[in-house]
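All remarks here apply to the structure that follows.
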Amino acid sequence: MKARTSKRTADRNKAAGGRDGIFRLRLYVAGQTPKSLTAIRNLQQICEAHIPHFTIEVVDLLERPQLAAQDQILAVPTLVRKLPPPIRKIIGDLSDTDRVLVGLDLRPAATNGQGAA
Amino acid sequence: MTKNNNHSQRGVQPLRKSLTGIRGLDEVTAGGLPTGRPTILSGGPGCGKTMLAMQFLARGAELFGEPGVFIAFEETPRELLENFTSFDFHLERLIARKKLLLDYIYIERSEMQETGEYDLSGLFIRLKHAIESVGAKRVVIDTLEALFSGFSNVAILRAEIRRLFRFLKEAGVTTIVTAERGDTNLSRYGLEEYVSDCVIVLDHRVDEQVSTRRLRVVKYRGTLHGTNEYPFLIEDHGISVLPITSLGLKHTAPTKRISSGIPDLDEMLEGKGYYRGSTILVSGTAGSGKTSIAAHFAREVAHRGEECLYVAFEESVSQITRNMRSIGLELEPFVRNKTLCFHAARPTAYGLEMHLLEIHRLIEELSPRVVIVDPITDLLYGGSEVEIRSMLMRLIDHLKTKQTTALFTSLNSTGGNFEQTEVGVSSLIDTWIVLREVEITGERNRGVYVLKSRGMAHSNQIRELLLTKKGIRILPADRGLLGVLANSARFDKQEQETGRVNGGREVGSAPRPGKVAIRG
């Protein structure tokens with residue numbers, strides 16, 4: 001990754017079902033709006049609950065507008081799973097946990113089952 | 001960046017317009033697109049929306065000093081540049097000079113998980129960044145409806161689209177938004193409810209194997225605009241729209257005359273010939289001498305050093321020059337010194353609009369004093385009678401406004417009503433010369449008469465027309481019951497009257513002058 005980022009790491013000692021590799025997540029927001037803060041908060045919670053190893057990077061498009069074009073971001077907030085491949089995009093403030101997990105490929109779409117897909 | 005104060009001020013402000021630089025479109029819209037406002041450009045696939053939009057930006061940057069941003073949802077910048085290489089938009093150069101920015105927005109086709117509240121601020125940030133990086137005054141969004149296929153929350157979408165148009169107005173950029181034409185709406189998702197300032201629709205249809213493109217200004221708030229369909233072409237300059245005519249009959253009547261190139265014919269027209277700036281129609285059956293009359297006029301004009309445009313639909317240039325040489329008319333030297341300009345084309349090669357547009361273009365380029373179209377009836381292959389008539393009206397109107405004299409030849413089918421051309425433009429014609437073949441006592445002779453000629457006391461006689469080695473001769477009418485006597489009959493008559501036989505085709509004793517009628 002180029003450019004300095006503001007990293008936040010979380011407690012990695014959760015023992016939910018194993019996934020191979022670290023999840024690198026990037027959240028795009030546009031300023032410190034209620035939606036942004038909600039998204040950040042939700043993301044934090046979901047990661048701590050379901051993902052053993054992850055990194056979150058928050059990108060503020062108002063500070064770095066060229067990234068909107070570079071990374072093809074239209075909707076805000078947008079969460080991008082950069083690792084593990086393939087890249088996945090999710091939009092919204094992440095209030096719907098189920099959808100987030102489906103979007104991150106942590107849960108199959110049809111069922112309500114727990115654990116890794 | 002100016003804000004639109006039309007609502008806050010009570011005073012009436014004239015609507016400001018931005019010239020498009022697209023030939024014909026600025027005339028149809030009476031000055032271009034509304035400045036600082038969005039215009040919807042709607043049409044089916046392949047109608048030319050992207051072309052028109054890109055041309056708007058390219059001309060804006062090149063001719064009017066207004067940089068532009070092209071937001072594409074369906075083509076990458078590379079694809080766009082490739083598509084436009086054969087046109088003279090110079091896109092790469094404009095991009096290098098930072099007068100144009102192409103931004104490609106990729107919408108995930110697969111369903112993105114929507115996990116809660118969101119908005120399209122990313123789009124706004126990108127747009128603002130793009131506009132600021134070149135100082136854009138013009139923006140194209142092609143096509144906004146792509147957003148609908150990427151995001152499923154229609155309520156959010158509509159709210160954001162409204163926000164987008166507000167943003168564009170505040171930024172003071174003149175925007176074109178393209179839309180795919182729906183069955184009943186102008187756009188598939190009803191975009192027109194947001195954009196109510198100006199709506200232009202493009203159409204592309206195939207009639208009788210000939211494709212025609214039309215443009216129509218459906219709505220343009222606050223201005224008088226042409227509401228008809230205007231045909232347009234796509235050629236290497238991009239789009240050209242056939243210009244409209246003046247809205248009223250404001251031409252000043254010309255008073256100067258010009259010889260027809262045939263002294264005997266001038267004699268039938270008060271001895272002075274045609275009015276300058278008038279429209280002359282020469283109609284007749286095949287082989288009756290129409291092209292010869294036209295060619296005489298062409299030579300007369302060129303001989304005076306005036307520019308003449310001769311549009312030929314039936315014969316090639318060399319055929320015409322050869323044929324005219326056989327009656328003693330040398331056109332070659334005038335072609336060489338460029339006072340006489342021929343444009344020959346097969347009528348079925350292109351649609352009607354293409355021909356007329358080409359004629360318009362040549363007129364712009366050459367500024368001829370005289371335009372000849374021989375024959376106009378060949379254009380019938382291009383469309384219905386109504387269309388031809390309306391196109392011809394526009395052409396004639398255009399020529400009259402420029403005080404250009406026009407001569408058209410028209411082919412009538414044998415045995416038909418001589419005084420009616422298939423195209424029905426007689427009311428637009430100032431001088432109408434009819435050629436007839438007359439069969440008398442085993443001979444076919446050519447007769448000519450002036451059916452009408454506004455503003456002059458023209459002859460009403462039917463006289464005999466001869467194609468001699470020294471050009472056209474028109475013999476004065478003789479006495480007798482018949483309008484035109486065959487040579488042998490005249491011979492006999494002379495014999496009867498004078499008791500002598502005159503050699504050759506001499507004119508008989510002084511004829512009683514024919515009746516002269518003054519026609520309005």
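None of the figures in this text is laboratory data; all of them are computed from the coordinates on show. Everything numeric here is computed off the predicted structure, so don't read it as measured data. All Cβ positions, glycine included, derive from the backbone under ideal geometry; neighbour counts span all protein chains shown.
Would you list A:Cys47, B:Cys341 from fewest to most Cβ contacts within 10 Å? Walk me through the intermediate numbers first.
On the way: A:Cys47 22, B:Cys341 19.
In increasing order of surrounding Cβ atoms, one gets B:Cys341, A:Cys47.
What is the mean number of Cβ atoms from other protein chains located within 10 Å of the Cβ atom of each residue in peptide B:150-157, rounded to a whole number?
On the way: counts 3, 3, 0, 3, 0, 0, 2, 0.
Across the residues of B:150-157, the mean count of other-chain Cβ atoms within 10 Å is 1.
Modelling each spin label as a point 7 Å along the Cα-to-Cβ direction, I'd like the B:Arg205/A:Thr33 distance in nm, to one decimal.
Taking the two extended label points, one gets 4.5 nm.
Any idea how far apart B:His303 and B:Arg322 come out in nm if each label point goes 7 Å out from Cα toward Cβ?
2.5
Taking every DSSP beta bridge that has both residues in the stretch A:21-103, what percent is antiparallel when rounded to the nearest 5? The partial results should precede the final answer.
Numbers: 9 of 16 bridges.
Rounded to the nearest five, the antiparallel share is 55 percent.
In debye, nearest 20: dipole of the stretch B:17-241 around its Cα centre with unit charges on the Cβ of K, R (+) and D, E (-)?
800
What is the distance in Å between the Cα centroid of the stretch A:45-93 and that of the stretch B:256-327?
77
Determine, from the Cβ-Cβ distance of A:Asp105 and B:Ala349 and an R0 of 51 Å, the FRET efficiency 1/(1 + (r/R0)^6), rounded to the nearest 0.05. Walk me through the intermediate numbers first.
Working: r = 59 Å, r/R0 = 1.16.
Taking R0 as 51 Å, the efficiency between A:Asp105 and B:Ala349 is 0.30.
Need one value for B:461-471: mean number of C-beta atoms belonging to other chains within 10 Å of its residues' C-beta atoms. Write out the running numbers ahead of the final one.
Numbers: counts 0, 0, 0, 0, 0, 0, 0, 0, 0, 0, 0.
Mean shielding count: 0.
Enumerate the whole-percent occupancy of each 10 Å bin, from 0 to the last occupied one, for all C-alpha pair distances of the stretch A:21-103.
The distribution over the stretch A:21-103 is 18, 57, 24, 1, given as percents.
For the cross-link pairs A:Lys89/B:Lys128; A:Lys82/B:Lys128; B:Lys128/B:Lys219; B:Lys98/B:Lys137; B:Lys98/B:Lys169; B:Lys272/B:Lys469, which exceed 20 Å when the distance is taken from alpha carbon to alpha carbon?
Values: A:Lys89/B:Lys128 23 Å; A:Lys82/B:Lys128 26 Å; B:Lys128/B:Lys219 28 Å; B:Lys98/B:Lys137 13 Å; B:Lys98/B:Lys169 23 Å; B:Lys272/B:Lys469 24 Å.
As for pairs spanning more than 20 Å Cα to Cα, those are A:Lys89/B:Lys128; A:Lys82/B:Lys128; B:Lys128/B:Lys219; B:Lys98/B:Lys169; B:Lys272/B:Lys469.
Once you have the Kirkwood Rh of the stretch B:229-377 from its Cα pairs, apply Stokes-Einstein at 4 °C and 1.567 mPa s and quote D in µm²/s.
Values: Rh = 16.7 Å.
Value of D from the Cα-based Kirkwood radius: 77 µm²/s.
With a 10 Å radius around each residue's Cβ, average the other Cβ atoms per peptide and rank B:112-123, A:34-45, highest first.
Values: B:112-123: 22.0, A:34-45: 17.8.
Descending packing order for the listed peptides: B:112-123, A:34-45.
Rounded to the nearest 0.05, what FRET efficiency do B:Glu330 and B:Asn228 give with R0 = 51 Å and r taken as the Cβ-Cβ distance? Could you check?
Working: r = 44 Å, r/R0 = 0.86.
Calculated value: 0.70.
About the Cα centre of the stretch A:21-103, how large is the charge dipole given +1 on each Lys and Arg Cβ and -1 on each Asp and Glu Cβ? Please answer in debye to the nearest 20.
Values: 10 positive and 8 negative charges, 41 e Å.
Computed charge dipole of the stretch A:21-103: roughly 200 debye.
Count charges around B:Thr339 for me, please; just the other residues with Cβ under 15 Å from its Cβ, Lys/Arg as +1, Asp/Glu as -1. Could the numbers behind the result be given before it?
Details: positive: B:Arg299, B:Arg304, B:Arg336, B:Lys338, B:Arg369; negative: B:Glu300, B:Glu306, B:Glu307, B:Glu330, B:Glu332, B:Glu365.
So the environment of B:Thr339 carries a net charge of -1.
So, R0 is 35 Å and r is the distance between the beta-carbons of A:Gln45 and B:Glu92; what FRET efficiency does that work out to, to 0.05?
My answer for the efficiency is 0.10.
Per residue of A:91-100, how many C-beta atoms from partner chains lie within 10 Å of its own C-beta, taken as a mean?
Rounded to a whole number, the mean comes out at 5.
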